[in-house]
Structure formats: C-alpha cells, structure tokens
Amino acid sequence: MTEAIESRDVDVVVIGAGQAGLSAAHHLRRLGFEPGDDVVVLDAGTRPGGAWAQRPATLTMAKVHGIFDLPGASRPESGADADRPAADVVGDYYADYEERYGLSVRRPVRVRSVRYGHDGRLVVTSSGGTWAARAVVNATGTWTRPYWPSYPGAAEFAGRQLHSVNYRGPDEFAGARVIVVGGGNSAAQILSEIADVAASTTWVTRRPPEFRDDEFTRDIGRAVVAAVDERVRAGLPPRSVVSVTGLAYTSVVRDALEKGALQRLPMFSRLVTGGAQWDDGSVIPADVIVWATGFRPALGHLAPLGLREPGGGIRMDGTRVVAEPRVHLVGYGPSASTVGANRAGRAAAVEIAELLGLRQARSASTLAAA
C-alpha cells in the first residue's frame, strides 16, 4: 500500500532499501538520527529485499554464491532454505531487519527527482511526497536500469529478445533455439537452466571469459575495489566490481559446464531475421536472444543537481560526491557489491553526521571501528 502523501523537512533521505540503503539507515540510527523523524527511507519495491526480491524463483539458495549479512544481524542459517527461492529468503531477512531496527521504510515510493530548493536544501520529490533534506544517501543500485547494447540488425530479428532482468525460468524456452549474450553469473545461471529444455543454446561474450579456480582473497578483493574506485575518483563511469572478478566455479557454473552450455563463441557482428551472423558470414539460427549484459547505475532522478563530469561519470571521494558533499552514493562504483555495500553505508553515515554536526549517540570513531 502506497504511503500517504506528505511534505516536510528532514535531516536525511535515504533512497533505496537494498543492502547499501539499509546499512546506511542502520548506521545513521546508531549515530542518533531517529528513523521516520530525522531520517526517511524510501524504497520503490513493493516488498523488502532490494534487487533480491526481483530474482526469478528458479534462483534458489542452493545456487546463490553466498548472502552477505546486514550490519548487526546475521542471517539465520537453515538447511531447509536450500530449495527456497533466494527472493523469499532474503526478502524475509530484510523485512525482519527493518522491523528489528525500526527503520520505517516507506514503500512503494518512487523518487522522481532530487533538486535544489529555495532555501538550499535538497528537495526529494516522489510518488509518496516531498522531503526537503539536509543530506541525501542514494542507494538505488542498478536493477531498474538494464543495459541493452546496440547491434546492427536488432530490428530485423524475427524472434524474441529479452534482458536477463525479465528472465523468470526455463519453461518458456522449451524447444527454442536460444542465444545468451553476456559473460557474468546471470548468463551462466540462465544457460544452466535452459540447457535442459531448449532445442539448442549458444553462449556469446564480447571478451573471453575468465574462470577463477583460486580463492577470492581479501587482497584480490581490495585490488578489484581499488580499480573501480580509481575510475569514479576520476569522474568516469564505473565498471562494476563483478565485471572484474571473473567467473568462480560455483555450483551453477559447474552445472552449466557439465551440460556443455559454456562453449563460448565471440560476439556476433549483427542480427539477421533468423538468428545471429558473424564476420565470416556464418549464421546461427535463433528463436530467442537473451541479453545478460548487465546494468547501469539508476541515477536519472539526480540529474537536476548536475553532478556528472565531462567524462560521463560522477566524481567521487569515497561515498561522497565531490561536486555536492551533501549527496552520498552507496552501492555505486566500488561499493556496488555485497562486500562493499555495508562499508559504504557506514562511511556515508559517519560523513553525514560530521557534516550536519548531529553525532548524538556515538562518536564517528567508535562507529568506524565497529
């Protein structure tokens, strides 16, 4: 049920209640900001869970390569969850978290714009009301902005095209000839599932896939995050953390390999009426093209603030936007991963507390060490 329309002044608006948004709201609360009074959390989803709530039912917990705990509340381990959809398990976990910490998330509320008000505040306009904030934490992630690359002949293709964001399970691909485009975990999951029912599957990637059989250590993680961080500090569009980690030998990847579904072909040059064509003139027939080509940050509502640099990105210093220190982006660039989201939420809360001079409950140094 949509929240009643309201309009008032607050200290902080958090946009998005996925992992990064809940982390920020949690740490703001620990610093003395009262949820619902000082801090308003807005979420466009109809239920808790962030992007997890949108995953297909076929993505069960047995296929998930780990769920990162929210700050201050580990997810209860349950062997009975293995066959449950991750959307349900994570949704329940997030819902309990919101209630436990009294985060008062308003949903479904879609933010339309963030702009400067006459008094210098940041005015957040949404389907649920308008708030004039002293600071904004943006945690909208990428799920609502799937990336569709442009290829010649796309309009000529007579079959069906869909993005992985709209994938709901293998049944609708029974008997179809399917080309899956993309080198990430979503592509591997889709291929592992549809290989059982499709007439044929073809895996196409722009670059040769990199399979990781080594342990993803802290040092590797820090190097990956540093590479993404370097781009956003330069004001360039970020590459996702996931895009530079390679494909680990998860149960899903191993399943797809065993089925022979990960025999990769280089990217086709164009689409034709009946399939895809390569530079040498060869054509692979297809009824369906699945674009598992990732996402872009969902930041259109911030456009009125004019935050983008000439390079196309938003210049960042940690979670803080350099051009507007009252705006923090969490789940963006180096924090666009389950590992980085909690840390980003904490960092944003600490900086906002210092900026607004409202460190009421705990010192920032105590929180930073927690």
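The values are calculated or read from the model by the stated rules, or taken from the named source; none is laboratory data. Since the model is a prediction, treat every value here as computed from it, not as a measurement. Don't worry about glycine lacking a Cβ; one is built from the backbone with ideal geometry, like all the others, and counts go over all protein chains shown.
Scan the stretch 28-40 and give yes if some residue there is closer than 30 Å to residue 355 by Cβ, of a type in the set (Phe, Trp, Tyr) and surrounded by 14 or more Cβ atoms within 10 Å (Cβ to Cβ), otherwise no. Before you say what the answer is, go through the steps one by one.
Step one: of the stretch 28-40, the residues closer than 30 Å to residue 355 by Cβ are 28-40.
Among the residues that remain, those that are also of a type in the set (Phe, Trp, Tyr) are: 33.
Those left that are additionally surrounded by 14 or more Cβ atoms within 10 Å (Cβ to Cβ): 33.
The answer is yes, given that some residue of the stretch 28-40 is closer than 30 Å to residue 355 by Cβ, of a type in the set (Phe, Trp, Tyr) and surrounded by 14 or more Cβ atoms within 10 Å (Cβ to Cβ).
Which condition number does residue 275 fail, the rest of (1) at pLDDT below 95; (2) surrounded by 13 or more Cβ atoms within 10 Å (Cβ to Cβ) being met?
Unmet for residue 275, out of (1) at pLDDT below 95; (2) surrounded by 13 or more Cβ atoms within 10 Å (Cβ to Cβ): (1).
If you take the residues of the stretch 129-144 that are modelled with pLDDT of 95 or more and either part of a loop (DSSP other than H, G, I, E, B) or out of contact with any strand residue (DSSP E or B) (no Cβ under 8 Å at 6 or more places or on another chain) (or both), which of them is surrounded by the fewest Cβ atoms within 10 Å (Cβ to Cβ)?
Among those that are modelled with pLDDT of 95 or more and either part of a loop (DSSP other than H, G, I, E, B) or out of contact with any strand residue (DSSP E or B) (no Cβ under 8 Å at 6 or more places or on another chain) (or both), it is 140.
Would you check if there is a residue in the stretch 194-215 being in a helix (DSSP H, G or I) and at pLDDT 65 or above?
As a first pass, look at the stretch 194-215 and keep what is in a helix (DSSP H, G or I): 194.
Adding the requirement that they be at pLDDT 65 or above leaves 194.
Looking for residues that are in a helix (DSSP H, G or I) and at pLDDT 65 or above, one finds at least one in the stretch 194-215, hence yes.
Just name the residue that is surrounded by the most Cβ atoms within 10 Å (Cβ to Cβ) out of those in the stretch 3-17 that are at pLDDT 95 or above and assigned to a loop (DSSP other than H, G, I, E, B).
16
Return a yes/no flag: does the stretch 298-307 have any residue that is aliphatic (A, V, I, L, M) and touching an Asp or Glu at 6+ places or on another chain (Cβ under 7 Å).
So in the stretch 298-307, the residues aliphatic (A, V, I, L, M) come out as 298-299, 302-303, 305, 307.
Remaining after also requiring touching an Asp or Glu at 6+ places or on another chain (Cβ under 7 Å): 305, 307.
Yes, there is a match, as at least one residue in the stretch 298-307 is aliphatic (A, V, I, L, M) and touching an Asp or Glu at 6+ places or on another chain (Cβ under 7 Å).
Out of curiosity, is residue 153 touching a residue at least 24 places away in the same chain (Cβ under 8 Å), out of contact with any strand residue (DSSP E or B) (no Cβ under 8 Å at 6 or more places or on another chain) and part of a loop (DSSP other than H, G, I, E, B)? Walk me through how you get there before you give the answer.
Values: touching a residue at least 24 places away in the same chain (Cβ under 8 Å): yes; out of contact with any strand residue (DSSP E or B) (no Cβ under 8 Å at 6 or more places or on another chain): no; part of a loop (DSSP other than H, G, I, E, B): yes.
Against the criterion (touching a residue at least 24 places away in the same chain (Cβ under 8 Å), out of contact with any strand residue (DSSP E or B) (no Cβ under 8 Å at 6 or more places or on another chain) and part of a loop (DSSP other than H, G, I, E, B)), residue 153 does not qualify.
Inspect the stretch 110-118 for any residue being farther than 27 Å from residue 192 by Cα, modelled with pLDDT of 95 or more and under 18 Å from the mean Cα position of the chain (by Cα) and give the result as yes or no.
For the stretch 110-118, residues farther than 27 Å from residue 192 by Cα, modelled with pLDDT of 95 or more and under 18 Å from the mean Cα position of the chain (by Cα): present.
Is it the case that some residue within the stretch 66-81 is modelled with pLDDT under 95 and in contact with a strand residue (DSSP E or B) (Cβ under 8 Å, 6 or more places away or on another chain)?
The answer is no; no qualifying residue exists.
Answer with yes or no whether residue 320 is in contact with a His (Cβ under 6 Å, 6 or more places away or on another chain), surrounded by fewer than 21 Cβ atoms within 10 Å (Cβ to Cβ) and either modelled with pLDDT under 95 or in the same structural domain as residue 127 (by TED's automatic domain parsing) (or both). Spell out the reasoning first.
On the way: in contact with a His (Cβ under 6 Å, 6 or more places away or on another chain): yes; surrounded by fewer than 21 Cβ atoms within 10 Å (Cβ to Cβ): yes; either modelled with pLDDT under 95 or in the same structural domain as residue 127 (by TED's automatic domain parsing) (or both): yes.
Judged against the criteria, residue 320 is a match.
I'm trying to understand the selection: among the residues of the stretch 62-82, which are under 21 Å from the mean Cα position of the chain (by Cα), crowded, with 18+ Cβ neighbours inside 10 Å and without any contact (Cβ under 8 Å) to a residue 40 or more places away in the chain?
Answer for the stretch 62-82, where residues must be under 21 Å from the mean Cα position of the chain (by Cα), crowded, with 18+ Cβ neighbours inside 10 Å and without any contact (Cβ under 8 Å) to a residue 40 or more places away in the chain: just 64.
Taking into account only those residues within the stretch 58-83 that are assigned to a loop (DSSP other than H, G, I, E, B) and among the hydroxyl-bearing types (Ser, Thr, Tyr), which is nearest to residue 21 (Cα to Cα)?
Going residue by residue through the stretch 58-83, those that are assigned to a loop (DSSP other than H, G, I, E, B) are 58-59, 64-69, 71-72, 74-78, 82-83.
Among the residues that remain, those that are also among the hydroxyl-bearing types (Ser, Thr, Tyr) are: 58, 74, 78.
On the way: 58: 26, 74: 17, 78: 25 Å.
The residue in question is 74.
Check off (1) buried (at least 23 other Cβ atoms within 10 Å of the Cβ); (2) assigned to a helix (DSSP H, G or I); (3) out of contact with any Leu (no Cβ under 7 Å at 6 or more places or on another chain); (4) not polar (S, T, N, Q) for residue 51 and give me the number that stays unchecked.
Single failed check for residue 51: (1).
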